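Okay, structure first, notes after.
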Amino acid sequence: MTTQGNPEKSALLVIDVQNGVVASAWQRDDVVANINAVVARAREQEIPVIWIQHEAEDLPRDSEEWQIVPELVPGDGDLHVYKEYSDSFAATDLQQTLNDLGIGHLVITGAQTNACVRATTYRAAGEGYDVTLVGDAHTTDDISWNGYELSAKAMIDDLNLTLSFIEWPNQKVQSTTAAEVLNG
């Protein structure tokens, strides 16, 4: 059970599913379709949807690269958080927004798995929220680092698996599938 807000109150975070972020992401279309389905389910259940957009030198605010992908359309009642760091809580009003809504459980989707999704997921758990990462609704790109080739699939699988080993007192941290979210 969460140490933040009401454990019965959830919010859906859609992190950085922006044109310049997911242009070449692993299984982009499938992941975006899963996010779209989870967003629709959240709206049906009157769960707040929070769109998070990253701003950086290569993602200047209001540019085409900064825009949310056209397949995903924020609704009039949805909330927006704009960030400059990987952690969606860092120097943003996300924490205050969640507190104002009494949220105790975060459902997380988005990009990039190995950066903003991981940082936000760990921070959310560290802040005391129950966390559900939708394992087939986050993505990243293959990368080369320090002479190693890291596949997007391996990084996605790693984060999904790692959540099964993470424990915080009085909290539930898990990875599940879009189908389980839609049917649960």
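So here's what we get for this one:
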| read-out | value |
| --- | --- |
| Filtered residues of the range 103-121 (kept if part of a strand (DSSP E or B) and under 17 Å from VAL21 (Cα atoms)) | ILE108, THR109, GLY110, ALA111 |
| Among residues of the range 1-46, those that are in a strand (DSSP E or B) and at pLDDT below 95, counted | 3 |
| Residue list for the range 99-116, filter: at positive phi and either at pLDDT below 95 or crowded, with 22+ Cβ neighbours inside 10 Å (or both) | GLY110 |
| Which listed residue, of LEU94, LEU13, LEU59, is in contact (Cβ under 8 Å) with a residue 40 or more places away in the chain and over 15 Å from ARG123 (Cα atoms) | LEU59 |
| Conditions (1) over 17 Å from VAL22 (Cα atoms); (2) at pLDDT 95 or above; (3) in contact with a Phe, Trp or Tyr (Cβ under 8 Å, 6 or more places away or on another chain): number failed by GLY126 | (2) |
| Qualifying residue in the range 131-147 (condition: over 22 Å from ASN36 (Cα atoms), among the aliphatic types (A, V, I, L, M) and within 15 Å of the chain's Cα centre (by Cα)) | no |
| Hey, ASN183 at pLDDT below 95 and either under 17 Å from the mean Cα position of the chain (by Cα) or among the polar types (S, T, N, Q) (or both) or not | yes |
| Residue in the range 122-171 that is surrounded by the most Cβ atoms within 10 Å (Cβ to Cβ), counting only those that are among the polar types (S, T, N, Q) and part of a helix (DSSP H, G or I) | ASN160 |
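The values are calculated or read from the model by the stated rules, or taken from the named source; none is laboratory data. Keep in mind the model is a prediction, meaning the values are calculated, not measured. Note that we place each Cβ from the backbone using ideal geometry, even for glycine, and neighbour counts take in every protein chain shown.
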